Every structure is written in C-alpha cells, then in structure tokens.
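The values are calculated or read from the model by the stated rules, or taken from the named source; none is laboratory data. A quick note: this is a predicted structure, and the numbers were derived from the prediction, not measured. Every residue, glycine as well, gets a Cβ built from its backbone with ideal geometry; the counts of neighbours run over all protein chains shown. Heavy atoms of the whole protein, side chains included, go into the accessibility calculation; ligands, DNA and RNA do not. Shrake-Rupley method; radii C 1.70, N 1.55, O 1.52, S 1.80 Å.
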Amino acid sequence: MTMPTNYDFLEVPSLVKDASDKRLLKICSYNVFSLRASTRKGLLGYLQAEDPAILCLQETKLQKPPPENDPFSYEKYPYQHWWCSTARKGYSGTAILSKVKPLTCFTGFVQDQTLDNEGRVITLEFENFFLVNVYAPFVGMELARLEYRIKWESDVRLHLNTLERRGKPIVYAGDLNVAHHVLDLANGKKLQGTAGFTIEERECFQQLLDGDGMPRVDVDRYFHPNEAKRYTAYSFNPRFREKCLGWRLDYFVVSKALMSKVYGSAIRFECFGASDHLPLVLWLEQ
C-alpha cells in the first residue's frame, strides 16, 4: 500500500463546516512507525495537505531530535518537543510540533519524570487545556509486559488527574495500544485475551474514561457510538486492508467538560502506507 498522491478527498465534519464563526484548532495524531521510514513513504505529502496546527507523533524511533534543517520545518512548526527513548535504541519515542506557543512543556509523568525512560509521554500546557501525547507500551504477544502495562496505566491516570486538578481540561492523544470494545477490532470475540484486548487493558482504559470524579470522553465513539470497522491500525499485508481486518488503537480522549469545545474528529481511512497506523484529526474551539 502506498500513500495517496492527491488529497482532495480530505473532508471535515459538518459541525466544523458550520463553525465558520469559530476559531478552531486542528490537532493531528499519528503513529508513524519510524519517522525516517514514514518520511520516505509519503508522510510529508499528507502533512502538507492536512496542515494541522498541532501534530502529535508516536513511535518516532529516534535517538535524538532531528536537526533544524530537517523536513519538519521549524519555520512552519516553531515549537517542537521531542522525547526519545533512553532505555533502548531505535525504540518508542514521541513528539509534538506546534504552530501555537505552549505555556509549558514537560516529558514523562508530572508526578515523577523518572518513570518514563522510553520516550512515551509529552505534555504541553496551552491557555485553555493540557495536551498529553502518548505512545502506550505494547504488552507483547506472550503478555510479558502486562504487569508493567497495568502499572503504567496507573501512572497515566495519576498524571491526568494531577493535570486536571490544576484547573484545566485535558486532551489525551495517541496510540493507546488497546481496543476498548469488541466493536473496535475485527474478530473481537475470538481475540479476547490477546495483546491489546486483555480484560486488564480494557478495564484500565475504562478507568481512565471514568476519571477520578472527572469523567472523560472517547471522542470517536462519541460521534460514532455504534459504527463498526473504525479501525486505525492494520498489518502491512494488503490482505488485511482488503478484508478490513484491523484494530482501533488510536484515540483522542478529552475531559467531559471540554466536549462543548469539540467540533469533530476524523480517522483518515485513505491515508495508509507511510505507517501501519492511520492519522486521526480533532477540531477544537480555541
């Protein structure tokens, strides 16, 4: 599969079209499955067409931030924050590129930054919300990291709770490496208990949505509550795409108090090939 060469098909939700009198912020989230490889496979063409104000990247697999003459222009995105794994070379990694100047930025968990040495969590504070970009750990086909993942989820919830108690809602974006419901993956009934669809991981995600007195919303499910096949990740094997055998692993989750500011979201189903994931877009009133 290759990325499109023409992006005239990119659509915006009807609520976004109707909000011509609003200042909307477009945020894009994308697991690129190696920034260097995805760049060679057409990533930049998509990003030029989408032109988000804020770009959240996961699984960059970089050891250090790219130089300033990199294709990810500092002229277009002057506020760039890269967080790379120190635990393992060519592994994990997240980044946020923004046209909007954040008030603050920090990597790792706010309660203890030493808990994240795999480059998985970046948080930017803006005037009206916190943006948290995450690449959640995969438990492995033998579930070897399940215990680690459960602890990691507990740390994430504490991180989000701490931010919200500072008086601003959160936008939680990224590859969360979990399918919440049977509807969120092909052959869900047969795959229960497998990596990304264990009871423990699904319960952790539900606890994150429930919040600690501060509930949160899975934005895509809010707009498409019963729609099947809204998958965001596939194998590179073309037969999986042809047969629509995928997983919904990528999300925008927002504080319930922020939902009145959310005007729409989209999964870019046609944009497959630069990565084994699809990009997601959120429109948020500033």
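Quick check: residue separation of LEU158 and MET259 times 0.36 nm, minus the Cα distance between them. What number comes out in nm?
Gain in length upon complete extension: 34.2 nm.
Where only protein heavy atoms count, and the probe is 1.4 Å, what is the accessible area per residue for region 1-126 in Å²?
Result: 49 Å² per residue.
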Tell me which label goes with the value of Rg and Dmax of the Cα atoms in Å computed from the coordinates here: (i) 20.2, 67; (ii) 17.6, 51; (iii) 19.0, 59. (ii)
Cleavage-rule hits (trypsin sites (Lys or Arg not before Pro)) in region 131-240: DSSP loop, at most 13 neighbouring Cβ within 10 angstrom: ARG165, ARG166, LYS189, LYS190, LYS229
How large a share of the accessible area of region 1-105, in percent, is made up of carbon and sulfur atoms when the probe is 1.4 Å and the other protein chains stay in place? 49
Per-residue ³J(HN,Hα) for region 254-260, Karplus 6.51 cos²θ - 1.76 cosθ + 1.60, θ = phi - 60°, Hz, x for Gly and Pro: 10, 4, 4, 5, 8, 4, 5
Taking r as the C-beta separation of THR114 and ALA49 and R0 as 45 Å, the FRET efficiency to the nearest 0.05 is 0.70
Percent of accessible area on region 217-262 owned by carbon and sulfur, 1.4 Å probe? 55
Compute the normalised compactness of region 20-172: alpha-carbon radius of gyration over 2.2 N^0.38 Å, N being the residue count. 1.06
Label-point separation (nm) for SER14 and LEU103, each offset 7 Å from Cα along Cα-to-Cβ? 3.6
Heavy atoms only, probe 1.4 Å: what % of the accessible area of region 148-206 goes to carbon and sulfur, would you let me know? 55
Quick one: how many lysine pairs does region 33-177 have with C-alpha atoms less than 15 Å apart and a gap of 8 or more or different chains? Give me the count, please. 4
Region 147-286 - accessible surface per residue (Å², probe 1.4 Å): 41
Can you list the aspartates and glutamates whose alpha carbon sits under 20 Å from that of LYS22, skipping same-chain ones fewer than 8 residues off? GLU11, GLU50, ASP51, GLU127, GLU285
Looking at region 151-234, which GluC sites (Glu not before Pro) are DSSP coil and have at most 12 other C-beta atoms within 10 Å of their C-beta? GLU227
